[in-house]
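Here's the structure we're looking at; comments come further down.
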Amino acid sequence: MTTVVHTYKDIVGFLQQACDAHLGISSFAEGAIDYLDANSQNIKYPFVFLRPLSSLGISGNQRSLTFELYSLDVPKLSDQSPLQVKANTELWLYDIISYLRLGPTNDYGLSCDLVNMTPVNEAFNDRVYGWVAQINVTEDAVYNYCNFPG
């Protein structure tokens, strides 16, 4: 069991690291969902957006955080199928989860589970297609007054 407790900022950084390492993803952001809509003019697609949902807190020596992870893109050409865009954005979510499970962040004592996925078809700036996944990030650690919150 690790004695390092990662802050929320650390965990967001690990997810951003996964997106930065991915050749297919152009940008990453986190925050409230209205941020996504309000700044749609400045988004570079393909885009991954992280929205915090809840924390189950600490149970025993395990902390769990729940997020929504949006993987979004717009068709690049007028004849590109939204079906192909959805297929690509789904695979990118699996890549991000795999990076957290098997990549360099695996040494940090985190685990990431994909709970469910829902298709997205929204009009933010242009017609946006993709998926929103609910993920749980859990961390095993020894929590005491000496090392909390990290």
Residues that are assigned to a strand (DSSP E or B) and modelled with pLDDT under 80, drawn from the range 105-143: ASN121, GLU122, ALA123, ARG127, ASP140, ALA141
Residue in the range 97-104 that is touching a strand residue (DSSP E or B) at 6+ places or on another chain (Cβ under 6 Å), open to solvent by less than 50 Å² (accessible area, probe 1.4 Å), at pLDDT 90 or above and outside any loop (DSSP other than H, G, I, E, B) present: yes
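The values are calculated or read from the model by the stated rules, or taken from the named source; none is laboratory data. Since the model is a prediction, treat every value here as computed from it, not as a measurement. Counting neighbours? That spans all protein chains shown, and the Cβs are built from the backbone with ideal geometry, glycine included. These area figures cover heavy atoms from the full protein model, side chains too; ligands, DNA and RNA do not enter into them. Shrake-Rupley method; radii C 1.70, N 1.55, O 1.52, S 1.80 Å.
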